[in-house]
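Q: What follows is a single structure, and I will ask about it in a moment.
The values are calculated or read from the model by the stated rules, or taken from the named source; none is laboratory data. Since the model is a prediction, treat every value here as computed from it, not as a measurement. Cβ placement follows ideal geometry from the backbone for every residue including glycine, while neighbour counts extend to all protein chains displayed. Ligands, DNA and RNA are stripped out before the accessible areas are found, and what is left, the full protein with its side chains, is counted by its heavy atoms. Shrake-Rupley method; radii C 1.70, N 1.55, O 1.52, S 1.80 Å.
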Amino acid sequence: MTLTQFAASSFGLLTPPSPSPLPSPLPRLKATRWAISILKPFPRRKAFMGTLKSCGGESADLDKRKADALQYIQEALPNCLTETDLHHTVPGIGRKIRGKVRDIYEAKDHLILVTTDRLSAFDRVLASVPYKGEVLNQTSVWWFDNTKHITSNAFVSAPDPNVTIAKKCKVFPVEFVVRGYLTGSTSTSLWTVYSKGVRSYCGNVLPEGMSKNERLTCNILTPTTKSADHDIPISGVEIVKEGLMSDDEFSEVAGKALSLFAYGQEVALEHGLLLVDTKYEFGKDADGSILLLDEVHTPDSSRYWIAATYEEHHRQGLEPENIDKEFMRLWFKNICNPYEDEILPDAPAELVSELAWRYILLYETITGSRFEFSANMNPIHDRISRNVAEALRLL
């Protein structure tokens with residue numbers, strides 16, 4: 001695949017420029033950076049923006065919104081929230097549990113979940129993305145509030161843009177992945193296993209003759225075990241057999257997960273988007289009630305495609321226009337082996353900024369709210385410490 005073809009297929013927003021000779025010789029990484037540089041004009045940006053019903057509505061408004069947002073994003077590149085140490089700065093907080101993206105602290109009957117700017121994929125951290133933590137946290141807060149008719153959740157409050165205080169629960173050691181399309185680039189993605197000939201996956205029978213990015217005949221559940229190193233696909237029968245959940249627990253959670261996903265697809269489509277797949281986590285509180293945890297329908301936990309262009313792109317064998325982190329996954333897969341290489345290249349600032357913008361755009365598109373940029377020159381950790389300390393005092 002040429003660099004121009006990679007750009008066209010991987011960056012759903014873009015149309016490839018006219019072919020031009022590639023300077024030679026160029027090292028692999030340098031050549032890929034060159035591929036990114038030729039994409040800066042974003043020739044199809046207006047067409048893409050016009051397919052979304054976002055805050056401004058008009059393409060010109062969204063162009064201006066992106067320009068304004070990128071200024072904040074680029075200024076914040078050196079000031080991302082990559083690590084927290086609230087157990088040293090906030091009285092009454094227990095030890096830190098460091099997840100791939102969230103830092104979790106215990107505070108008596110509650111958990112303090114701090115969503116950082118770390119970008120995770122391929123079971124490792126790839127980069128830090130400005131405002132990513134704020135966007136993810138606020139997106140989840142919106143979905144928690146708007147899915148209470150489907151399931152109760154553990155959310156208590158959001159005292160800071162990066163922070164959620166939640167009820168302490170006994171977490172089921174399973175991630176409930178729901179999929180509506182045959183797609184993906186990671187080792188556990190549906191397209192990866194399907195392309196290798198697998199036709200029975202997590203208890204689901206997949207028909208022959210399907211193509212990449214094709215819609216499934218119905219949404220399916222493909223759970224994985226939760227692991228610090230690598231998630232392992234598992235079926236519902238195996239979950240119950242191995243004692244990870246009871247049959248009743250699994251049945252209840254599976255129903256909630258599929259209902260949440262169907263509702264998420266409905267909301268997304270109303271705003272010009274396709275919710276392609278996502279993952280949920282559930283647990284039990286002290287009363288034995290099953291609650292939704294962690295995050296909901298964020299661009300970190302979900303894939304989103306542009307609805308208006310999906311059919312045409314699929315007919316032409318092109319990657320769907322996307323508004324999630326898939327293009328960043330593809331960038332890393334194109335230039336290295338992100339599963340096996342000990343050291344990965346730094347993601348270019350242009351890609352990091354574009355990803356930050358897409359996350360903000362998705363938040364504004366789904367919620368109808370304008371994302372408010374926090375002052376990026378102030379120490380983020382100090383702000384979080386103050387806000388969490390005050391919230392705990394009031395609990």
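Q: How long is the gain from Thr225 to Val156 if the chain were fully straight, where each residue apart is worth 0.36 nm and the alpha carbon distance is subtracted?
A: 22.2 nm
Q: Ok, one more. Over the range 235-376, with the other protein chains present, what is the accessible area per residue in square angstrom, probe 1.4 angstrom?
A: Each residue of the range 235-376 exposes 38 Å² on average to a 1.4 Å probe.
Q: Filter the cross-link list Lys226/Lys279; Lys168/Lys325; Lys196/Lys333; Lys100/Lys148 down to pairs whose alpha-carbon distance in this structure exceeds 23 Å.
A: Where the Cα-Cα span goes over 23 Å, the pairs concerned are Lys168/Lys325; Lys100/Lys148.
Q: Another question, then. Does the range 249-381 come out rounded, prolate or oblate by the C-alpha gyration tensor, with a ≥ b ≥ c the root eigenvalues, rounded set by a/c under 1.5 and, if not, prolate when a/b is larger than b/c and oblate if not?
A: Verdict is rounded for the range 249-381.
Q: Between the range 334-376 and the range 206-268, what is the C-alpha centre distance in whole Å?
A: Going from one Cα centre to the other spans 26 Å.
Q: How large, in percent, is the carbon and sulfur part of the accessible surface of the range 293-378 at a probe radius of 1.4 Å?
A: 44 percent
Q: Also, I was wondering about something else. Mind listing the long-range amide H neighbours of Val177? Cut-off is under 5 Å, sequence gap 5 or more, other chains count too, H placed in the peptide plane at 1.01 Å from N.
A: Amide H neighbours of Val177: Thr222, Thr224, Tyr280.
Q: Then there's this: In nm, what is the difference between 0.36 nm times the number of residues separating Lys284 and Asp109 and their Cα-Cα distance?
A: Additional length available on full extension: 61.7 nm.
Q: Please give, to one decimal in nm, the separation of the simple spin-label points placed at Val125 and Glu340, each 7 Å out from Cα toward the Cβ.
A: 2.6 nm
Q: Convert each backbone phi in the range 77-83 into a coupling constant with the Karplus relation 6.51 cos²θ - 1.76 cosθ + 1.60 (shift: θ = phi - 60°), then list the ³J(HN,Hα) values in order as whole Hz, x for Gly and Pro.
A: Ordered by residue, 3J(HN,Hα) equals 3, x, 10, 6, 8, 9, 9 Hz.
Q: As an exercise, use a Förster radius of 25 Å and the Cβ-Cβ distance of Lys196 and Glu311 to find the FRET efficiency, rounded to the nearest 0.05.
A: Using R0 = 25 Å, I get an efficiency of 0.40.
Q: Let me ask something else about it. Give me the percent of the accessible area of the range 68-151 that comes from carbon and sulfur atoms, probe 1.4 Å, all protein chains in place.
A: 49 percent
Q: Calculate the spin-label point distance for Glu252 paired with Ala389, positioning each point 7 Å from the Cα along the beta-carbon direction, and give it in nanometres.
A: The answer from the label model is 4.0 nm.
Q: Separate question: Want the number for Thr89 to Ser259: 0.36 nm per residue separation, take away the alpha-carbon distance, what's left?
A: Gain on stretching Thr89 to Ser259: 57.2 nm.
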